[in-house]
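Here's the structure, in structure tokens; my notes come after.
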Amino acid sequence: MSDKTPSRANVCTEVVAHDLCIGCGLCAGVCPNEHLRVAFNAFGEYVAFENPNECAASCDLCLRVCPFSPTSKDEDVLGKKCFEDVPGMSHASETGYYLRTVLGYSAADGHRANGASGGLLTWTLETLLARGLVDRVACVSPVREADRAMKFTMCSTAEEVRAASRSAYYPVEISEMIRTMLSRPGRYVITVLPCFAKAIRQAMEAVPRLRERVAFVLGLACGGGKSKFYAEYICAMGGGDAHRLDRVTFRIKDPERPASDHGTRCVSAAGTPEEHACTVFGSEGPSLAWTHLYFTPIACSFCDDGFAELADGTFMDAWRPGFMEDPGGHSIVILRNQTLSDLFRDGMASGALAMRDVDIAEAIASQPSMLHFKRTLIRERIRLAAEMGQRVPPKRPHRFAPRVRHLEKAVVRARWDTCRQSRKQWVEADKDLARFRRAMAPCAARVERAMQISKAVYQPQAIPGALWRRLRNLVKR
Ligand SMILES: Cc1cc2nc3c(=O)[nH]c(=O)nc-3n(C[C@H](O)[C@H](O)[C@H](O)COP(=O)(O)OP(=O)(O)OC[C@H]3O[C@@H](n4cnc5c(N)ncnc54)[C@H](O)[C@@H]3O)c2cc1C
């Protein structure tokens, strides 16, 4: 068979066609024939597309690097290769390998105020650059481009790194970064979500040049990604024009609110007489999009790694009593790399970091909802997928909770619908918030009802008396 014969199996046939592409872009970044590219689909999600040039029939590189491919390795196997031999390394079922866990924030000017939580990831990136441990940083910056408001950029100065602080609850892809790493010698650090960390570790196994050049992989804990529609939805909620969203900034802190109630600032129709700016806080509506899984890519339903187990360091919010109320923000960091651990030790000794060592149990306890979603409810999502003929990538059922409680199954079923309906309805409503809400009302009500019933039965102490009476009426109906 000629090498020019189109391949029958690649990420488009095995992953995208099954609605499992997370749009990370690793496949396009390493594709030797430039047969693949990543672009937005009709739902504002990045997915891989095929270019007209041919796919080499003998090549399966895209499937080897894809985190959701049917042949992908799991995080246990990959984690073992990366970290098992590091002296002093321990392992927890929930977080994967860990060397050290720390809690606190960066005391350096501006990091914490402009950071998503404690500004620690920005401090780490800046310090790696300052110490000459890396030449360039691939992280996510705000941009003003026709079709996107954020993208991966290559930074080489502290100023550029600082301008890229905060979380991007927005689709980003790394194909361009990977191509730069392959063509331009140097040592790189990259900031990634767990699925991207898996893709990059698989790519480092397959492509020696990447293995030489990627010095550090720094991860963010992740409860699930969001499509572009999420930012548009918040823009509309704040009274802006969702069709003309130009800029979005997530994780705005307000001294009057707890860290968990963070804001999103949207600017639409910038530079025109209709320019509109707004900041909408989580409790004013956007939180619902997280509990109802609005605009969450389908692939996230089948992810069992919330702690970026394959990253050299994982950065997360300290969602712990005593810390989450503080508007300034605290982070927890799981370190899996000795150089990073030394960096943190020096930072703590010099006062650049206001931090202390904590037990890994603190990190686990800080993420109850994420863990419940990824390690308990996933069992029911996989069962539903089988029922509906949806392909599921290889998972680690031995890491899951043994069973899903009966009433929670109804919650999973209802959210399965809101997740899928939301992306369709936002298109059909032509990004009009009132029309979208009307269309979503029946399935959103099903989620609410299922959640309240489940809470009433499994956590009755959390239900105030008046709500109990409403619930009883709901159940009677
Ligand atoms: C989609 C998503 C879901 C998350 N879910 C959780 C969760 O469930 N629980 C939890 O504790 N934390 C979660 N986080 C992480 C959290 O929001 C903070 O990013 C983290 O605590 C680091 O804060 P920091 O102040 O140290 O980072 P900062 O100092 O603000 O630096 C953040 C760095 O991360 C980079 N970055 C931001 N977004 C992305 C992205 N999408 N991909 C790659 N790089 C990025 C930025 O460019 C910047 O360099 C999530 C983040 C994202 C993007």
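Which of the residues belonging to segment 416-450 are over 25 Å from the mean Cα position of the chain (by Cα), in a helix (DSSP H, G or I) and among the small types (Gly, Ala, Ser)?
ALA434, ALA439, ALA441, ALA445, ALA450, listed by residue number.
Looking only at strands (runs of 3 or more DSSP E) that fall completely inside segment 291-410, which ones have 1 or more residues that are surrounded by fewer than 22 Cβ atoms within 10 Å (Cβ to Cβ), touching a residue at least 40 places away in the same chain (Cβ under 8 Å) and among the small types (Gly, Ala, Ser)?
In segment 291-410, 353-357 are the strands (runs of 3 or more DSSP E) which contain 1 or more residues that are surrounded by fewer than 22 Cβ atoms within 10 Å (Cβ to Cβ), touching a residue at least 40 places away in the same chain (Cβ under 8 Å) and among the small types (Gly, Ala, Ser).
Taking the stated definitions as given, is GLU34 over 18 Å from the mean Cα position of the chain (by Cα), of a type in the set (D, E, K, R) and outside the structural domain of LYS431 (by TED's automatic domain parsing)?
In short, yes.
Can you go through SER268, SER156, SER165, SER183 and tell me which one is assigned by TED's automatic domain parsing to the domain that holds GLU94 and either in contact with a Ser or Thr (Cβ under 9 Å, 6 or more places away or on another chain) or crowded, with 23+ Cβ neighbours inside 10 Å (or both)?
After applying the criteria, what remains is SER165.
Hey, can you tell me all the residues within segment 58-95 that are among the small types (Gly, Ala, Ser) and more than 23 Å from the chain's Cα centre (by Cα)?
Pass one, segment 58-95, residues among the small types (Gly, Ala, Ser): 58, 69, 72, 79, 88, 90, 92-93.
Scanning segment 58-95 gives SER58, GLY88, SER90.
Within segment 222-236, does at least one residue satisfy the condition of being farther than 29 Å from SER283 by Cα, modelled with pLDDT of 95 or more, of a type in the set (A, V, I, L, M, F, W, C) and surrounded by 19 or more Cβ atoms within 10 Å (Cβ to Cβ)?
Taking segment 222-236 and keeping what is farther than 29 Å from SER283 by Cα, we get none.
No; the residues of segment 222-236 include none that is farther than 29 Å from SER283 by Cα, modelled with pLDDT of 95 or more, of a type in the set (A, V, I, L, M, F, W, C) and surrounded by 19 or more Cβ atoms within 10 Å (Cβ to Cβ).
Among the numbered criteria (1) more than 21 Å from SER287 (Cα to Cα); (2) buried (at least 18 other Cβ atoms within 10 Å of the Cβ); (3) in contact (Cβ under 8 Å) with a residue 40 or more places away in the chain, which one does VAL248 miss?
The number of the failed condition is (1).
For segment 48-62, what are the residues that are touching a helix residue (DSSP H, G or I) at 6+ places or on another chain (Cβ under 6 Å) and surrounded by fewer than 23 Cβ atoms within 10 Å (Cβ to Cβ)?
Correct list: GLU50, LEU61.
Output the residues belonging to segment 88-145 that are on the phi > 0 side of the Ramachandran plot, more than 13 Å from the ligand (Cβ to nearest atom) and surrounded by fewer than 21 Cβ atoms within 10 Å (Cβ to Cβ).
GLY88, GLY132
Given the residues ILE382, ILE332, which is the only one that is of a type in the set (Val, Ile, Thr) and more than 16 Å from the ligand (Cβ to nearest atom)?
Working: ILE332 fails: more than 16 Å from the ligand (Cβ to nearest atom).
None of the others qualify; the one that does is ILE382.
Return the residues of segment 164-188 that are within 14 Å of the ligand (Cβ to nearest atom) and not hydroxyl-bearing (Ser, Thr, Tyr); say none if nothing qualifies.
ALA164, ARG166, ALA168, PRO171, VAL172, GLU173, ILE174, GLU176, MET177, ILE178
For LEU78, state whether it is crowded, with 20+ Cβ neighbours inside 10 Å, aliphatic (A, V, I, L, M) and touching a His at 6+ places or on another chain (Cβ under 8 Å).
no
Among the residues of segment 212-244, write down those that are over 23 Å from the mean Cα position of the chain (by Cα) and either within 12 Å of the ligand (Cβ to nearest atom) or without any contact (Cβ under 8 Å) to a residue 24 or more places away in the chain (or both).
The one that is over 23 Å from the mean Cα position of the chain (by Cα) and either within 12 Å of the ligand (Cβ to nearest atom) or without any contact (Cβ under 8 Å) to a residue 24 or more places away in the chain (or both): GLU212.
The values are calculated or read from the model by the stated rules, or taken from the named source; none is laboratory data. The shown structure was predicted, so the numbers you read here are calculated from the model rather than taken from an experiment. Glycine gets a Cβ as well: all are built from the backbone with ideal geometry, and neighbour counts include every protein chain shown.
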